[in-house]
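Take a look at the structure below.
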Amino acid sequence: MSDLHPPARRDGARPRLRRALLAAAVVALLPGAAAADITIGLIVPATGSTAALGIPVKNTATLFPEEIGGEKVRLVVVDDASDPTTATTQARRLVTEEKVDVILGSVMTGAAIAVAGVARESEVPQLALSPIDLPAGKDNWTFRLPQNVTLMARAVVAHMKAAGVKTVGFIGFSDAWGDFWLRDLKALADDGGFRLVAEERYARADTSVAGQVLKVMAARPDVVLVGASGTAAALPQLALRERGFKGVIYQTHGAVTHDLIRIGGAAMEGAILASGPVMVAEQLPESSPVRAVALDYVTRYEAKFGANSRTQFGAHGWDAVQVLNRVVPAALKTARPGTREFRSALRDALESERDIPASQGVFNFTKDDHFGLDERGHVLLTIEKGQWKLLK
């Protein structure tokens with residue numbers, strides 16, 4: 001009988017337990033009450049023609065924090081194999097299977113453009129690791145971490161103008177990266193006071209540019225701009241120097257890696273490159289708003305991966321963390337991770353948060369500007385005795 005009719009003091013315990021469980025269930029439904037992982041999808045070219053750019057980002061991901069805004073982070077890293085079609089497939093998988101709250105990537109221009117299409121269709125914020133141009137109205141969910149090509153091109157053209165350059169030859173990739181630089185070089189030619197006298201292209205995987213270089217040299221330009229990225233940017237410069245070109249050779253920020261110096265050797269001496277500040281973090285003035293973040297990243301990264309292993313591309317991945325550190329707490333005020341509302345809140349916070357210091361500049365995204373960097377996001381470098389030297 002005692003099992004069927006427990007003492008009165010135990011009867012009172014059951015209602016209290018039921019009330020406690022009910023209260024816990026209600027609290028779990030309230031914003032901010034339940035723990036939820038923030039799921040970040042990272043798409044990088046870990047293999048293929050652009051792996052030299054993607055691997056530093058993948059390495060940087062090992063430095064990502066375990067929590068942002070007090071919530072645990074779940075990071076899913078996938079390889080796009082330097083292929084836009086694969087990038088699309090991977091982005092769709094991240095959205096449908098992994099239920100990501102935000103996508104980082106890709107580094108390769110064509111792949112990043114492909115991911116932007118998935119981000120727009122799925123309404124998932126994308127922090128692109130390539131400075132991609134998108135048609136008006138097609139970048140509502142895409143925010144770029146690298147510097148706008150136009151911003152960097154203006155810095156290069158200003159240096160040409162100050163040096164009295166009158167004729168320029170161009171040799172660049174026969175893809176979107178080359179297109180962006182050739183477009184801006186043409187658009188800025190009048191302001192720069194020069195004429196574009198040669199225009200040659202090559203594929204990322206090409207092993208020779210002898211024909212293109214001969215055509216450029218036949219035009220006798222004062223200087224040459226190489227519109228390429230990664231180690232493939234060394235190919236035209238090597239060929240130009242081998243054939244006796246004595247003028248200044250300019251390179252883009254896509255080429256600023258220590259591997260460029262390693263592969264190009266003495267032929268790279270004197271090149272002038274637009275770059276993000278992180279590559280010369282130690283040379284930045286104490287007054288620089290990015291110096292502290294840049295030095296922090298360089299210290300962490302090179303302690304793990306070796307001296308002179310830093311790259312701009314890895315730093316863009318680190319800057320994604322700086323941006324998320326600011327916008328995630330703002331989004332958490334109104335929604336929980338894993339929901340459509342949270343993704344929308346992230347996008348809104350990206351457009352409204354101001355003055356986010358990072359290793360490559362200070363971000364101020366707005367509704368009308370999803371690049372977000374200004375003059376604080378670039379420097380000019382040269383290569384002197386196999387080392388980067390800050391020009392300004």
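One residue stands out in segment 39-81 among those that are modelled with pLDDT under 95 and of a type in the set (Ser, Thr, Tyr): the one that is farthest from residue 107 (Cα to Cα), namely 49.
Residue under question is residue 107, and the condition is that it be in contact with a helix residue (DSSP H, G or I) (Cβ under 6 Å, 6 or more places away or on another chain) and more than 14 Å from residue 343 (Cβ to Cβ); does it hold? First the steps, then the outcome.
Numbers: in contact with a helix residue (DSSP H, G or I) (Cβ under 6 Å, 6 or more places away or on another chain): yes; more than 14 Å from residue 343 (Cβ to Cβ): yes.
Yes: the conditions hold for residue 107.
Among residues belonging to segment 205-227 that are of a type in the set (A, V, I, L, M, F, W, C) and more than 33 Å from the chain's Cα centre (by Cα), point out the one that is surrounded by the most Cβ atoms within 10 Å (Cβ to Cβ).
The initial filter retains those residues of segment 205-227 that are of a type in the set (A, V, I, L, M, F, W, C), namely 205, 209-210, 213-214, 216-219, 223-226.
Next, from what is left, pick out any that are more than 33 Å from the chain's Cα centre (by Cα): 214, 217-219.
On the way: 214: 12, 217: 18, 218: 11, 219: 16.
Going through the qualifying residues, I end up with 217.
Scanning segment 39-98 for residues being aliphatic (A, V, I, L, M) and without any contact (Cβ under 8 Å) to a residue 60 or more places away in the chain gives a total of 13.
Looking only at residues in segment 73-121 that are charged (D, E, K, R) and in a strand (DSSP E or B), which one is surrounded by the most Cβ atoms within 10 Å (Cβ to Cβ)? Before the answer, list the steps.
Here is the first cut: in segment 73-121, the residues charged (D, E, K, R) are 74, 79-80, 83, 92-93, 97-99, 101, 120-121.
Still in the running and in a strand (DSSP E or B): 74, 79.
Working: 74: 17, 79: 20.
Going through the qualifying residues, I end up with 79.
Scanning segment 190-204 for residues that are surrounded by fewer than 20 Cβ atoms within 10 Å (Cβ to Cβ) and either without any contact (Cβ under 8 Å) to a residue 24 or more places away in the chain or among the acidic types (Asp, Glu) (or both) gives 190, 191, 199. Restricting attention to segment 228-248 and to residues that are surrounded by 23 or more Cβ atoms within 10 Å (Cβ to Cβ) and either in contact with a Leu (Cβ under 7 Å, 6 or more places away or on another chain) or among the hydroxyl-bearing types (Ser, Thr, Tyr) (or both), the residue that is farthest from residue 361 (Cα to Cα) turns out to be 234. Looking only at segment 171-215, count every residue that is under 18 Å from residue 268 (Cα atoms) and not small (Gly, Ala, Ser) and tell me the total. So the count comes out to 4.
Residues in segment 299-343 that are touching a strand residue (DSSP E or B) at 6+ places or on another chain (Cβ under 7 Å) and of a type in the set (Asp, Glu): 319 alone. When segment 122-150 is filtered for residues that are hydrophobic (A, V, I, L, M, F, W, C), buried (at least 19 other Cβ atoms within 10 Å of the Cβ) and modelled with pLDDT under 95, the ones remaining, listed by number, are 132, 149.
The values are calculated or read from the model by the stated rules, or taken from the named source; none is laboratory data. Just so it is clear, the model here is predicted, and its values are computed rather than measured. Every residue, glycine among them, receives a Cβ derived from its backbone with ideal geometry; neighbour counts consider all protein chains shown.
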